[in-house]
Structures are given as structure tokens and as C-alpha cells.
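See below for the structure under consideration.
The values are calculated or read from the model by the stated rules, or taken from the named source; none is laboratory data. Because the structure is a prediction, the values reported are computed rather than measured. Heads up, the Cβs are rebuilt from the backbone with ideal geometry, glycines too, and the neighbour counts pull from every protein chain shown.
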Amino acid sequence: MKVSLFEQVPYRYMPEGFENQYNSVVTAPYQVVEPARMTESLFSAYAELMHGARAGFDGVCVTEHSQSSYDISPNPTLLASAVACAAQAEQLDVAITVLGRSLGKTREPLKIAEEYALLDCVSGGRLIAGFPVGLSYDANLNASLPAVETRERYREHRELILKAWSEPRPFPWNGRFEKYGQVNIWPRPIQQPHPPIWIPGTGSPGTLRDILSHDYVFVYLSWDGPKLTGRQVFDRYWELAEELGRDRNPYRLAFLQVVAVSETDERAEKEYGKHLEAHYRSGLGAIPHTAMAVPGYAEPAAIEGMLRSAGPAGMLSRMKTATYAEIVDSQVAIVGSPATVADQIEAFVREFRIGNLLVMLQNGSMPRDLTEKNISLFAGEVLPRLRPIWDAEGWENHWWPRAQGAVSEAAAGGKA
Amino acid sequence: MAAGAAAVRDETVEVWDSRLRLHVKIAGDGPPLMFFHPLAGLAWQPLLDRLARRHTVYAPEHPGTSPGDPQAIREVQTFWELLLVYQELIGTLGLDRPAALGQSFGGMVAADLAATFPRLFARLVLLSPLGLWRDDAPIPLMEMVAGPPAEVPKYLYAHPESEAARAAQALPSDPGQLAKAIAQTTWNVGCTTKFAWPIADHGLGRRLHRVQVPTLIVWGRQDALAPAAYAKEFGSRIAGSRVEVIDDCGHAVQADQPERSWTAISGFLAG
């Protein structure tokens, strides 16, 4: 089992009741921000990722959102680059997962190819390349691209990036959206033909089929609560895997889980409860539902399916009023002592066959000292129980960075 | 209006090198008139019944908006291609200089067709067309399309509670039909906004001088989507055009002011 630390970059001082007046994205009013507190919020995210790398996580993970108060990460490769550099300097063998630059949103796909390649080189071949489509509010409102073209752009951009990484000679690209006369990027990824590719999604059949047929990793996020929606998504995934002739290697799957751990269950609730509740209400809860699917983003059959869905409703649509009890009962967040947390995670990891776990240990207003306590406790007392879960089945993780040897050479400063 | 409802038939016309099968609703008798529908797709409505008493009305469905053929939108990559598709359609239908009436998004399409192909139409009626942009009169298209569905009427109608406005927004009560209807309308808006996003300005203002046919521009003074300031913009760019700005009237002029808008439209088309 590989376990990575995932961070979003929220502004940590959102005013109480923000969600009743404003949206957390697109139109979120910047006037609520105090500049010094923005500096602190941003710096804390860098510091906490490094704390996680030092504490023994297998990887660190960041993602992209523009015009957002709950994840101020307009370009996650900036954050990832700083961490990759610092990790090299400290000779920490840690994977850098960018989950990632949105391929359906970008107007400059070759920049993504270049930035990812640079990260792979700087980290000595430790990049995991996330290829998300991009959320509708980000692609269609923030970047203002026509919603109906989002997936077409995504497909073209993915093809272009993969070719730019591996094609030995300069080539022209005459695409539907992009035209280039000579593509010849510097640098190229150390991991050839490409770093491991992970694709986050909500689990729609089309996305799962695309991921499985290309042999990439599917990343599912716990916002809806694995207790409510995990079964239907992962059952569908493994059924489809069988249909497409893929093996049951658990490393094909990654799962992002919010976790808050303290010495005891009671202390955990006391320390983290208010932060979790405020985070979901003012962050995900304050994204208007309509902004998650601008007309054209989802095909008519998919919309009809969502409207008729007989399956259990996830928490995402109810976040604005989410209570601590709902968050915990649905497992949107797993909160408690190390034993409680490890038991719950181990249960769903085994049930759904998850080989790559991402844990999000900072939420909204959580201060740095409390976050670092969460990171340390998780790394020290939960992670060791999780790591050997799949050892007995003997699977190889083909979707983990391969060039592990370069760290000491790079850190040695290239001295002859 | 039921007594005056026209018999409407649905014809499928192959265009665009056989890549598109466009659905065209056809009704009435008389000289031909093309109707270009607004963002949410083609809805047969009292205005079209009235037009069908004097014209043969041809109302094409924007590519992708015909039920059962959502992927047709992929065959039209740019607004320029959309104009070519419609120009081919008019030729394939065998129409010789029909009148054209376009509303909102459809008004932008009709206006650009008339500017691009100055001999395509005989007359042009534009009901609160999109297509221009002024920084001092922003068009909140993105806000309407990506906002709560319950707020859409406030952009479209001066009187959202009127019978005509409620009829235009009505949804089926059967849950299965409701899901289908919402999915279809949502997709329709996705298909039309492909050519209007985030700002419906393809440079039409630089081409409008090419419109050479008699033109009527109708606007609602209280238009909350495309402010009435644009009536003058269209009017001043199209030589000899007539501008009618109707009081107590929003974006959907024929719903808010059916009689006054009909008087203007029918008088112009008869002239």
C-alpha cells in the first residue's frame, strides 16, 4: 500500500457564515482576505507538505483550482516544484503527485507537458502525472471555455502531451484546438514514455472505461462519503475492469480520504470537529450546484441518469449545511484515535481494493500546529498498519514512480 | 390559441456532406420564412402559429438539440461552420430568398447569415438578438446559463408570472419525463452556447453593414439579458432598418407583449 499526503490550500480565516452570503468559487469576494493571513495560509500548506515528506509519507499530492477560496492553487506545479526541490535537498524519497493540471481547462497544454517534465526531472523521476478533466466551474466559468467542448479538449490535450513527452524528434501538431509548428519540449520526463498517469473522477462509466482501457489509475475522492457512494462506484469499477480483461491489482485504484486523528476519539472530535464542519460548509458547500455542471459539460444521458439515480445520494449536494455527525457517519471524514482511524480505513481499503491511498489532513481553518500533529500521528501510528495490507497478495504497483535512484546524486550538487 | 394551432410536420434534411441530419419543423402556407430559435432550443409557440397563417414556416433545430441526436453538435466546430450549415440547409430546402426571423441566439445567427450572405434572405426580423457587446451594457449570459434554473425567468421576462412566461417554462409532472426534459433543455443550452460562450461576439458588429435587406429590430425596454441599448447598436449599423422598442417588455418579447410585438412583426412582414 502506498500512502500519500494530499493538501488543498484554503484560506484559513474564512468569516463565519460566509456560505450563507457568498460562493466559495468564481465570484468569492476577495475582500474577506487579510494579506498577511493569506501569506500564512499559503506558507503553511508548503510547510505541512514538507512535514509529511519528513514524517515518512510515500508521496505528497496537490491539485488545481482557480478563483477558489477553499483551494488557492491556480497552478499546482508551483507548489509541487518547491516541495520537489526541498525534498531533493533533504534527500527525501517522496513521490510528487500533481492531481493535477486540468487538461480540459488549459489553453496551453504544452505548458503542462513542460512543467510536468520539469518536475519529473527535478524530483529524479518521482512524478505522478494527474490528468483531470477539470471541474465545470473551473473550465467553463473561470477559464470560460464552452462546456460542450471540455472533454474534446481534454482528449486532444492528453494525446498531445503524451506525444510531446516521448516523440524523439520535433513534430507539427494540427489539432482541433491546438496548432503548433514544431513541438520539441525541453526537458522530457525521466520516466519514459511517461510518468504514471492518475485520473481523478466521479466514477461515471465513460471515465472509468477510458481509464481502464488506457491502463491508468482511477482516483476517487471521498467528498460524497465512501459509506454512501463507495460501493456503487467501486463495484462498477471492478466489474468494468473484468469486462475489459484487466487484473484485480489494487494499485489500479487511488482513493482520497479526509482523516483527523488524535490521541483518543473524544479528543479528535473536540480538536477537529469545528474545523471540519466549517471547512465543508464554507468550501465545497458554497459551490453552487449549477456551477458543477454548466450546460454542455455532461451529456444528456448522464444528466438524465443523475436525475433518476436510484443509488444513495452522496454528501456533496448537502455540504452547505453538513453537520459534524453527517460528515463522520458518511465517512466524508474519518475522525478518531489512531486505532479507530486505522480500523475504518483498513476496512474500506480491503472492501474496495484500494492500493494507493491519499489522505487529506488539513481542512479549512485548521491551524498549522494542529495539522502537523495530525500528520505526525497519522504517519507514526496509522500508516504502519496500512502499508502491508496488500503484501500478501503480491501485486506490483506499476503506477508508482520508477526512477527512485537519482535523489542522492542530485542532492550531491553534481560534484565531480 | 389551440383553435389557431398550425399542423406542424417534422422533416429531416441531410446537409454538411451528409454529416448532419437537421430536423426542421414546417407549418403553414405562403411565402417561406425561416425561424431561428433561442438558446434553449426550438419550442413551437403561438408566435409560430400566427406566422404560419401567412407563411410557410421553416424552423430548424440547432445541431445537437434534436432528441436522440445529441452528438450532432460535434459536427459543427465553429460559428462560421454553423452559418455554412444553415446556408446549405436553405439551399437544400429549395427556398428562394425566404424571410428570416431570429430570436436572441437565433437572432445572432439570422443577422450573421444576412451579413455573410447578403442575398440569402428577402427580409430580416431580429427579436432582441445577441451578437454585439458593449462594456457599458454587459450581457449576463454566463450568469443566467450557469445560475440557478429558478432565476432564468427573471432574465427573460418582464412578467415572469404571466401565462405565456409560465407556459414557456412549464415542465412535465411525470418524474421520468421531467428528467428527460431537464436533460434535453440543459443539453440544448450547451449546444447553442458553444457558439456564444462566454460572450456572444464573433465580430458581427464589423459585418452588419453588409446586411442589405429590409430589417426590423424588436426589443423589450426592460430586457434583463441583452439591454435595450443594443437595439440602437443594431439599428445604426444596418442601413434603413426599423427599430421598435416595446415598453413593459423583457427579452422574450412575444411572451411579454404578444400583441404589440405581433403588430410590429406582421406589419413589417406584410410591407
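Applying the criterion of being free of Cβ contacts under 8 Å to residues at least 60 places away in the same chain and not in a helix (DSSP H, G or I) to the residues of region A:135-172, the residue that is nearest to the other protein chains (Cβ to nearest Cβ) is A:SER144.
Yes/no matrix, rows are residues, columns are (1) acidic (Asp, Glu); (2) touching a Ser or Thr at 6+ places or on another chain (Cβ under 8 Å); (3) over 27 Å from B:ASP223 (Cβ atoms):
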| position | (1), (2), (3) |
| --- | --- |
| B:HIS62 | no, yes, no |
| B:GLY68 | no, no, yes |
| B:ILE90 | no, no, yes |
| B:GLN103 | no, yes, no |
| B:GLY107 | no, yes, no |
| B:ALA114 | no, yes, no |
| B:ARG119 | no, no, yes |
| B:GLY131 | no, no, no |
| B:ALA137 | no, no, no |
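Filter region A:27-61 down to the residues that are more than 30 Å from A:LEU127 (Cβ to Cβ) and not basic (Lys, Arg) and list them by number.
A:THR27, A:ALA28, A:PRO29, A:TYR30, A:GLN31, A:VAL32, A:VAL33, A:GLU34, A:PRO35, A:ALA36
Collect the residues in region A:65-80 that are over 15 Å from A:GLY52 (Cα atoms) and under 16 Å from the mean Cα position of the chain (by Cα), keeping them in residue-number order. If the condition is that a residue be over 15 Å from A:GLY52 (Cα atoms) and under 16 Å from the mean Cα position of the chain (by Cα), then A:HIS65, A:SER66, A:SER68, A:TYR70, A:ASP71, A:ILE72, A:SER73, A:PRO74, A:ASN75, A:PRO76, A:THR77, A:LEU78 are the ones that fit. Scanning region B:151-181 for residues that are hydrophobic (A, V, I, L, M, F, W, C) and either more than 10 Å from chain A (Cβ to nearest Cβ) or in contact (Cβ under 8 Å) with a residue 24 or more places away in the chain (or both) yields B:VAL152, B:LEU156, B:ALA158, B:ALA164, B:ALA165, B:ALA167, B:ALA168, B:ALA170, B:LEU171. Among the residues making up region A:221-254, those that are outside any helix (DSSP H, G or I), at pLDDT 95 or above and not small (Gly, Ala, Ser) are A:LEU244, A:ARG246, A:ASP247, A:ARG248, A:ASN249, A:LEU253.
Conditions tested, residue by residue: (1) of a type in the set (Ser, Thr, Tyr); (2) farther than 30 Å from B:ILE199 by Cβ.
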site: A:ALA82; (1), (2): no, yes
site: A:ALA87; (1), (2): no, yes
site: A:ALA95; (1), (2): no, yes
site: A:LEU103; (1), (2): no, no
site: A:CYS121; (1), (2): no, yes
site: A:GLY125; (1), (2): no, yes
site: A:SER136; (1), (2): yes, no
site: A:LEU145; (1), (2): no, no
site: A:GLU149; (1), (2): no, no
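What do you reckon, is B:GLY64 surrounded by fewer than 21 Cβ atoms within 10 Å (Cβ to Cβ), within 14 Å of chain A (Cβ to nearest Cβ) and in a loop (DSSP other than H, G, I, E, B)? In short, no. Out of all the residues in region B:81-114, which are within 14 Å of chain A (Cβ to nearest Cβ) and among the hydrophobic types (A, V, I, L, M, F, W, C)? Once the filter is applied, which keeps residues that are within 14 Å of chain A (Cβ to nearest Cβ) and among the hydrophobic types (A, V, I, L, M, F, W, C), region B:81-114 yields B:LEU82, B:PHE105. Identification of helices (runs of 4 or more DSSP H) wholly contained in region A:265-355 with 3 or more residues that are within 14 Å of chain B (Cβ to nearest Cβ) and either at negative phi or free of Cβ contacts under 8 Å to residues at least 40 places away in the same chain (or both) yields A:300-308. Being assigned to a helix (DSSP H, G or I) and either out of contact with any Lys or Arg (no Cβ under 7 Å at 6 or more places or on another chain) or not small (Gly, Ala, Ser) (or both) is the requirement here; does B:GLU233 meet it? So B:GLU233 passes the test. When region B:24-44 is filtered for residues that are aliphatic (A, V, I, L, M) and not in a loop (DSSP other than H, G, I, E, B), the ones remaining, listed by number, are B:VAL24, B:ILE26, B:ALA27, B:LEU33, B:MET34.
Which of the residues belonging to region B:136-150 are without any contact (Cβ under 8 Å) to a residue 60 or more places away in the chain and either over 29 Å from B:GLN77 (Cα atoms) or of a type in the set (A, V, I, L, M) (or both)?
B:MET142, B:ALA146, B:ALA150
Within region B:21-61, the set of residues being touching a residue at least 40 places away in the same chain (Cβ under 8 Å), surrounded by fewer than 21 Cβ atoms within 10 Å (Cβ to Cβ) and of a type in the set (Gly, Ala, Ser) comprises B:GLY41, B:ALA43.
Before we move on, is A:LEU208 at negative phi, in a helix (DSSP H, G or I) and in contact (Cβ under 8 Å) with a residue 40 or more places away in the chain? Answer is no for this residue.
Of the residues contained in region A:173-193, none is found to be aliphatic (A, V, I, L, M) and part of a helix (DSSP H, G or I).
Determine whether A:THR371 is among the β-branched types (Val, Ile, Thr), surrounded by fewer than 17 Cβ atoms within 10 Å (Cβ to Cβ) and either touching a strand residue (DSSP E or B) at 6+ places or on another chain (Cβ under 8 Å) or more than 13 Å from A:TRP223 (Cβ to Cβ) (or both). No; evaluated as a whole, the condition is false for this residue.
Does any residue of region A:229-242 turn out to be in contact with a Ser or Thr (Cβ under 7 Å, 6 or more places away or on another chain) and more than 14 Å from chain B (Cβ to nearest Cβ)? Within region A:229-242, none of the residues are in contact with a Ser or Thr (Cβ under 7 Å, 6 or more places away or on another chain) and more than 14 Å from chain B (Cβ to nearest Cβ).
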